[in-house]
Structures are given as structure tokens and as C-alpha cells.
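The values are calculated or read from the model by the stated rules, or taken from the named source; none is laboratory data. Only a predicted model underlies this, so the values are computations on that prediction, with no experimental measurement involved. Counting neighbours? That spans all protein chains shown, and the Cβs are built from the backbone with ideal geometry, glycine included. Calculation scope for accessible area: heavy atoms of the full protein, side chains included, ligands and nucleic acids excluded. Shrake-Rupley method; radii C 1.70, N 1.55, O 1.52, S 1.80 Å.
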Amino acid sequence: MSTTNAVEGIVDAGATSLLRFATAGSVDDGKSTLVGRLLHDSKSVLADQLEAVEHASRNRGQEAPDLALLTDGLRAEREQGITIDVAYRYFATPRRRFILADTPGHVQYTRNMVTGASTAELAVVLVDARNGVVEQTRRHAAVAALLRVPHVVLAVNKMDLVDYAEPVFAAIAEEFTTYAASLGVPEITAIPISALAGDNVVTPSPNMDWYGGPTVLEHLETVPVVADPSDDPGRFPVQYVIRPQTAQHPDYRGYAGQIASGVLRVGDAVTVLPSGRTSTIEAIDALGQGVDVAWAPQSVTVRLADDVDISRGDLIAPTASAPATSQDIEATICHVADRPLTVGQRVLLKHTTRTVKAIVKEIPSRLTLDDLSQHPEPGELVANDIGRITLRTAEPLALDAYAASRRTGSFLLIDPADGTTLTAGMAGTAFAEAAADATPATEADDDGWDF
């Protein structure tokens, strides 16, 4: 198979493609019920699971099974009838495989939505047809835009409680679409549904003959998610250096990892970052066999023509599209830890397979998702806050802008004392306004953080 045909082959693999999507919405909009309905009507619920749900529903005095219990797994969730944790579920249809994240609707669990949507290719935002677009709806639309989720579905739920009225749906769809488009959401699809009754979830609704669009499942099965990897620059974070040093392979030196983006080909001129040394790809090993081309997200071993000093955390990229390296990073972050993030705090920054020391030099602003206003110089960010920060790292990093690459433009901040994840970061101006220039460096110290 030629290089071109090999790359084109994965673009045509829609029948077996994987879609990661997240659900979000205000409290009691019906997120868990929608997910339960999807699982139930797509025949993705095991008999014993359904029996357990039926038993729990009877204990609560409900005649029909409460499908929300399929995803509300924590005891506190079931007792309160709300979602607290991010519930991940896997299911499949003959056309596509799915991993869904049912995220909480409460304001205090915004960080959970960020977690669930960070890898999502599609977000389903639910709205109660009786209440329309509310503050939390706008907050979730802003998070989806911030995380560069490429596809957003507006599911106007509980249409049965407004007599399936088309004007109600049309007004909500117009308001949400206008707001989401102003945030830069590239694609918005509005679908009227009743998760409880099953209208337009898996099968078309006989009660809304005025709607001619797809059902939720039909849209999930057909939305394009497999892009041509050759459109993106090649990025290969090294995870492990393979040196067997055996009689069969005395001089073998391979660099193993998962291709983060783009395509790598034998013969490509590459640059190793952050050192900046150059070489040529001599061979690519995949599944124990040599190949001429490999693409994201394949896991491969790359061999170079020259003996270059490479270790875990280095990045191999085609020389023509290699990213710039820097020790000064401006980013938008969502703080996920209970302890606050403060100016001057020492952290570890994990980017792909590389972890380096860093210092929070400045927190220029905090973003209020309700009205997208900026609060300058907040001094600290607490749990669920989203804001702009400036970091100084001990070693250069090869970050792409998050707007260009969700995989190589993202990073984590970690507490060096106990390994707790503090913050999820997005390099560049992913959504909030550009940060101000970094403040001058403070006086150096002598315990390894003087950079």
C-alpha cells in the first residue's frame, strides 16, 4: 500500500471509528436520563443492569424504570437524584463505537465538566424546554468553546412538557446558537427531544412531525470525527528508549511512543526538541513490523539515522514544522484542586511525556463564565476557577498553541509535594483574552527553583 493510500485508509474508516462525547446541562435538565435512554434503546444495557435499575426504581416508588440510575452510580447521586462525579460509559452500534462522559450540572462541579470534555470531540448540552437557556447553559457552552470541542449538540429536552411546541424549540435554538457562535463554537446542531419518553433520542418522534432533522443517536453516528492526519504537523513525544543490546540486536536504538498528531514517514528530516538536534527517520516499527508511514494516534518505535542523545520527554518533529521552544508560558487554566493556586507557587508541569519544574509568575485575570467578564489580578485561583496565568519553567518546552493542537497544547500542573493534580492548562489564548506581559523575575533561590 502506498503512503497516500495508507493515510487515506484511516479517513474512510468511519464505520469503526470511535466518538468521545460529553453531556452537560443545568441541574435536572435530564442528562443522566438521556444517557440512560441512549444505552437502553441502543440495546447496550445488560439484563442484570436493567434488573438492578428496575429494583432501585421500585424502591423509590416509581412504576417505570428510572434510566438515569444507569449512570448515577454513587449512592449520594442516587439519593439526591443528581450527578456529582463524571460517569464514563462505553457502548457501540453497528456504525460506531462511543465513549460518553456524563458530567455534573452544578456550578461547584465545573471542574468535572472540564475533565469530561477535555478529550471529547462532541458535547451534548441539554436545556429544559420549560426554562430555556439559563446561566449554567451559557457556562457549559463557554467551557465547550474554551476546550475547543469541535461539535456541539443542543438537546432541548422535556418537549413533552411544553406540548411539543415548535415555537418553544425554535426560540431556544436561536438564542443558544447565537451565543455559542459568538464564543467561536464551529458547529452547532439543535435537536428537540424527550429523554423520558424517548422522542428523537434513538427513534424519530411521532409527536414532532415538524422536525425533519436527525435523532440524537443518528447524529452521533454520522458526525465526522476522523480527520486527515496529514493536515496536522507531526508530533512524537518519546515515552521510552529501547536498547535491547542482545546478540540479535546489538546496535538497535529505538524511540517508542504514541504519535500525538500528524504523520511520520521514513526519510523525513526531523528535529529533536528541546535540544534542537537534527536527523532523519531511518525506520518505523509498528506491531513488530517495519512500515514506511505512521500516523496519530498509532504507537510506534522510531529509529533515526544518527546517534542522537534522546530520552523520555523529548519531542521528535519534522524539521519543516517543528514547534518553537520556550521557558515562558502564557496559558488559560482551569483549577481543579481544592487548595488554591497562588502567584509564586512552585509546581511541576507535565506536558505529553515531559515533566519539568515551574513557577507561577503571574495570574493576570480570572474569567467569570456567567458573563465572560475578566477580573484582573485576582491573586489566586480556587477550585473551578478559570483564568490566565504566566509560568516560567526550568527547562524549555515545545508547546503548540491549544487552538492549533488540543493534544500538544495542553498540560497539567502538579503539586511537587504529593503529586496532586492542581490545574488543567491550555497554552496560548485558547479562549480568554491574552495575558499581559510577564512580570520581572524574582530573586533566585538556592533549592533548585532559581530559573
field: Potential lengthening between Thr421 and Ser311 on full extension [0.36 nm per residue; Cα-Cα distance subtracted]
entry: 37.2 nm
task: Set Lys and Arg Cβ to +1 and Asp and Glu Cβ to -1, take the dipole of the stretch 252-384 about its Cα centre, and tell me which of Ser311, Thr342, Leu264 lies farthest positive.
output: Ser311
- request: Based on the mean of other Cβ atoms within 10 Å per residue, sort peptides 371-377, 184-190, 28-34 so the most packed one is first.
  value: 28-34, 184-190, 371-377
message: Below 8 Å, C-alpha to C-alpha, sequence gap of six or more: please give me the relative contact order for the stretch 213-336 in percent.
response: 28
task: Could you list the square roots of 5 times each eigenvalue of the Cα gyration tensor of the stretch 140-283, that is, the equivalent ellipsoid semi-axes, sorted largest first and rounded to whole Å?
output: 51, 18, 12
Among Thr177, Pro229, Trp210 the positive-end extreme of the charge dipole of the stretch 152-264 (Cβ point charges): Pro229
query: Taking Cα pairs under 8 Å and at least six residues apart, what relative contact order does the stretch 128-277 come out at, in percent?
result: 17
statement: In Å², rounded to a whole number, the accessible area per residue of the stretch 236-289 with probe 1.4 Å is 52
query: For the stretch 311-440, what's the radius of gyration and Dmax over Cα atoms, in angstrom?
result: 14.1, 45
query: Stretch Ser299-Arg58 to full length: gain in nm at 0.36 nm per residue minus the Cα-Cα span?
result: 82.0 nm
field: the stretch 329-364 and the stretch 148-217: distance between their alpha carbon centers, rounded to Å
entry: 38
- prompt: Relative contact order for the stretch 216-289: what is it in percent, counting Cα pairs under 8 Å that are at least 6 residues apart?
  reply: 24
message: Rounded, prolate or oblate, given the Cα gyration tensor of the stretch 369-434, with a/c below 1.5 counting as rounded?
response: oblate
Fully extended contour minus Cα-Cα distance, from Glu51 to Arg346, at 0.36 nm per residue: 101.1 nm
query: Of the heavy-atom accessible surface of the stretch 317-358 (probe 1.4 angstrom), what whole percent is carbon and sulfur?
result: 51
- prompt: Reachable lysines from Lys361, Cα under 22 Å, same-chain residues fewer than 8 places away excluded?
  reply: Lys350
